[in-house]
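> Dropping a structure here in structure tokens format, bear with me for questions.
The values are calculated or read from the model by the stated rules, or taken from the named source; none is laboratory data. These numbers were taken from a predicted model, which means no experiment stands behind them. Here the Cβ positions follow ideal geometry from the backbone for every residue, glycine too, while neighbour counts run over all protein chains shown. Protein only, heavy atoms only, side chains kept; ligands, DNA and RNA dropped before computing areas. Shrake-Rupley method; radii C 1.70, N 1.55, O 1.52, S 1.80 Å.
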Amino acid sequence: MPVVATTLPLPEGALRLLEGIGADVRGPEGWAGALGEAEALVPLLTVRVDAALLERAPRLRIVACPTVGHDHVDRAACAARGIVVTNTPDVLTEATADLTWALLLATVRALPQAERSLRAGEFRGWGFWDYLGGDLAGRTLGIFGMGRIGRAVARRAGAFGMRVRYAGRTRLPEEEERALGAEPASWDELLAASDVLSLHAPLTPDTRHLLDRDALRRMRPGSYLVNTARGPLVDEAALVEALRDGPLAGAGLDVYEREPEVHPGLLELPNVVLLPHVGSATRDTRTRMAMLAARNVHAVLTGAAPLTPVGGGPR
Ligand code: DGY
């Protein structure tokens, strides 16, 4: 009976699938104690799957991340032990792109600030110069990382009349650039041209602190940053300075350098919208993510090929 250790409670459908192959599923309370016997591990992104953890799991055959991001997994250590790593591309693309736009709009129009003011009893009737935000139509949205989520964000930009420029690892085929209305740029050009810069790259050694102090200084005066990818792409201490002293007008963040900690400077600033890492948090999307992780476990434990091995395509 293969043991599956999962750090999140799996939905009914996933449990039925795994129990169908006789798996013994050990949930959030029992997963750590079950590592010694586990052939599959489903780790939330708050669990570091490193060489030390793998030492305790000698029978492991698959690490099935229930997320698209897998920076919490040491892939080299897994590969050295022949352990397959899978993630959940596609199933969260639209929900994450929706949230990116919700955060972008909330940030540029300073909506949470306006709502807080109303709840505090400060709304005294329509005021011509009150609660002003920025415009989107005719402005440039810069996207760093044109994988699945970056492209879904770009697709929505036309509805708001924004121009799209992008940079990153992958250059799109010209036909797709035309369809998205997206023009390629270098990183430096993107920093200089974007009225709103939205990050959609995975966290790798190359992208850690991509937006450091120097890059932040080169952003357009009065521009906005939106980050729904990974916190460590941005040097948070430098971001606080760029929001306080310029050039940034505001930032919308869903992810942080040291989650669940949020840089105290960010909490104090009025021009920042802060969300608790909810990019993919819809009921259906999270169910699809958990189901895909379970289907990957099912595949590997029954000797089939994993459905979505990491490295199978751009994010
Ligand atoms: C992921 O899947 O990597 C997200 O950050 C959680 O939605």
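> Kindly evaluate Arg244 against the criterion of being assigned by TED's automatic domain parsing to the domain that holds Arg61, assigned to a helix (DSSP H, G or I) and away from the ligand (no atom under 13 Å from the Cβ).
no
> Only one residue in Thr100, Thr140, Thr107, Thr170 is open to solvent by less than 60 Å² (accessible area, probe 1.4 Å), at pLDDT 95 or above, under 22 Å from Asp188 (Cβ atoms) and assigned by TED's automatic domain parsing to the domain that holds Leu243. Which one?
Matching residue, one of Thr100, Thr140, Thr107, Thr170: Thr140.
> If you scan the range 62-96, which residues turn out to be in a helix (DSSP H, G or I) and either modelled with pLDDT under 95 or more than 12 Å from the ligand (Cβ to nearest atom) (or both)?
Answer for the range 62-96, where residues must be in a helix (DSSP H, G or I) and either modelled with pLDDT under 95 or more than 12 Å from the ligand (Cβ to nearest atom) (or both): Arg75, Ala76, Ala77, Cys78, Ala79, Ala80, Glu94.
> When you scan the range 102-119, do you find a residue that is out of contact with any helix residue (DSSP H, G or I) (no Cβ under 7 Å at 6 or more places or on another chain), within 16 Å of the ligand (Cβ to nearest atom) and without any contact (Cβ under 8 Å) to a residue 60 or more places away in the chain, even just one?
yes
> Suppose we filter Arg244, Arg217 for residues that are touching a Gly at 6+ places or on another chain (Cβ under 8 Å), more than 23 Å from Thr67 (Cβ to Cβ) and open to solvent by 50 Å² or more (accessible area, probe 1.4 Å); which single one remains?
Residue meeting the stated conditions: Arg244.
> Tell me the residue from Asp212, Asp130, Asp188 that is without any contact (Cβ under 8 Å) to a residue 24 or more places away in the chain, out of contact with any Leu (no Cβ under 6 Å at 6 or more places or on another chain), open to solvent by 10 Å² or more (accessible area, probe 1.4 Å) and charged (D, E, K, R), please. Even if it seems obvious, please write down each step before you answer.
Working: Asp212 fails: without any contact (Cβ under 8 Å) to a residue 24 or more places away in the chain; Asp188 fails: without any contact (Cβ under 8 Å) to a residue 24 or more places away in the chain.
Of Asp212, Asp130, Asp188, the one residue that is without any contact (Cβ under 8 Å) to a residue 24 or more places away in the chain, out of contact with any Leu (no Cβ under 6 Å at 6 or more places or on another chain), open to solvent by 10 Å² or more (accessible area, probe 1.4 Å) and charged (D, E, K, R) is Asp130.
> Same structure, new question: For the range 1-43, give me each residue that is closer than 23 Å to Thr285 by Cα, under 26 Å from the mean Cα position of the chain (by Cα) and either among the basic types (Lys, Arg) or assigned to a loop (DSSP other than H, G, I, E, B) (or both).
Thr7, Leu8, Pro9, Leu10, Pro11, Gly27, Pro28, Pro43
> In this structure, does Asp254 turn out to be closer than 30 Å to Arg220 by Cα and within 14 Å of the ligand (Cβ to nearest atom)?
yes
> Could you say whether any residue in the range 285-296 is assigned to a loop (DSSP other than H, G, I, E, B) and within 16 Å of the ligand (Cβ to nearest atom)?
No: zero hits.
> Kindly provide the set of residues from the range 255-284 that are under 30 Å from Gly133 (Cα atoms) and part of a helix (DSSP H, G or I), ordered by number. Working first, answer last.
Residues of the range 255-284 under 30 Å from Gly133 (Cα atoms): 255-282.
Scanning the range 255-284 gives Pro264, Gly265, Leu266, Leu267, Glu268.
> Is there a residue in the range 222-238 that is among the aromatic types (Phe, Trp, Tyr), more than 16 Å from the chain's Cα centre (by Cα) and not in a helix (DSSP H, G or I)?
Checked the range 222-238: at least one residue is among the aromatic types (Phe, Trp, Tyr), more than 16 Å from the chain's Cα centre (by Cα) and not in a helix (DSSP H, G or I).
> List every residue pair whose Cβ atoms sit under 7 Å apart, with the two residues 6 or more apart in sequence or on different chains, where the first one lies in the range 44-65 and is under 15 Å from Val3 (Cα atoms) and the second, anywhere, is within 16 Å of the ligand (Cβ to nearest atom) and assigned to a loop (DSSP other than H, G, I, E, B).
Val63/Pro43
Residue-by-condition table, conditions (1) farther than 27 Å from Leu172 by Cα; (2) open to solvent by 50 Å² or more (accessible area, probe 1.4 Å):
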position: Asn227; (1), (2): no, no
position: Val255; (1), (2): no, no
position: Pro260; (1), (2): yes, yes
position: Gly279; (1), (2): no, no
position: Ala290; (1), (2): yes, no
position: Val300; (1), (2): yes, no
position: Gly303; (1), (2): yes, yes
position: Pro309; (1), (2): no, yes
